[in-house]
Amino acid sequence: MNNKKLKILVAPGAYVINDNRTESLGTMTYYILRELGKLGVETIALTMKAEISNPIPNCRIIELLPGQEITQLGLLRFMTKYYQVGKKLLQTEDFDLIHHMFPFGWEVGFNPLILRGHAKNLPFVIGPLLAPHTSKVNLSD
C-alpha cells in the first residue's frame, strides 16, 4: 500500500491569503487549503502576502512580496515573482499537481508556469471557477 501524501503547488494562491475577511478570493483559498490539510494533503501556496491568525495544517505559505501594495505595478511584480519561485520549486520539489486559484481565461488571467512549459506534464487544476461574466472580472475587488 502506498502511503505517499498528495503534494500540491498552489500557484498563485491569492494576492492576500487570509482568514479574516468576509468575501475574498484569499479567504476562499485559505479554507480550501485548510480542508486539504485536514485530509493530509501537503500544499505549498505562493501568495503576495498572508494575513492569517489560524495556521493551516500541512501547508507552507510563501509570502513573495509582503510589503507590496496591490497596484498594477505590484501585481506585475507578484506575477513575475511567483513565476520565478514557482519555476524553482518545480525543479527542486516533487509535486503531484498544480492548482491555479486565480481567475483564468482570455483577458482575465493566465499562468506563466504552464504557458512556459515548467509543469513537467503535471495535472493542472483551475478553480474554483467563477460564473460566466458579461464584462471583465475586476481583480481589485
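The values are calculated or read from the model by the stated rules, or taken from the named source; none is laboratory data. For clarity, every value in this text was computed on a predicted model and none was experimentally measured. Glycine also receives a Cβ, built like all others from the backbone with ideal geometry; neighbour counts cover every protein chain displayed. Note: areas computed on protein heavy atoms with side chains; ligands, DNA, RNA excluded. Shrake-Rupley method; radii C 1.70, N 1.55, O 1.52, S 1.80 Å.
In the set (1) surrounded by fewer than 18 Cβ atoms within 10 Å (Cβ to Cβ); (2) within 13 Å of the chain's Cα centre (by Cα), residue 32 fails one condition alone, (1). Looking only at residues of segment 1-29 that are closer than 22 Å to residue 80 by Cβ and not hydrophobic (A, V, I, L, M, F, W, C), we find that the one that is most open to solvent (accessible area, probe 1.4 Å) is 15. Can you report the number of residues in segment 35-49 which are closer than 21 Å to residue 87 by Cβ and over 12 Å from the mean Cα position of the chain (by Cα)? Residues flagged as closer than 21 Å to residue 87 by Cβ and over 12 Å from the mean Cα position of the chain (by Cα) within segment 35-49 amount to 1. Looking at segment 60-103 only, could you name the residues that are within 14 Å of the chain's Cα centre (by Cα) and charged (D, E, K, R)? Listed by number, the residues that qualify are 60, 63, 81, 87.
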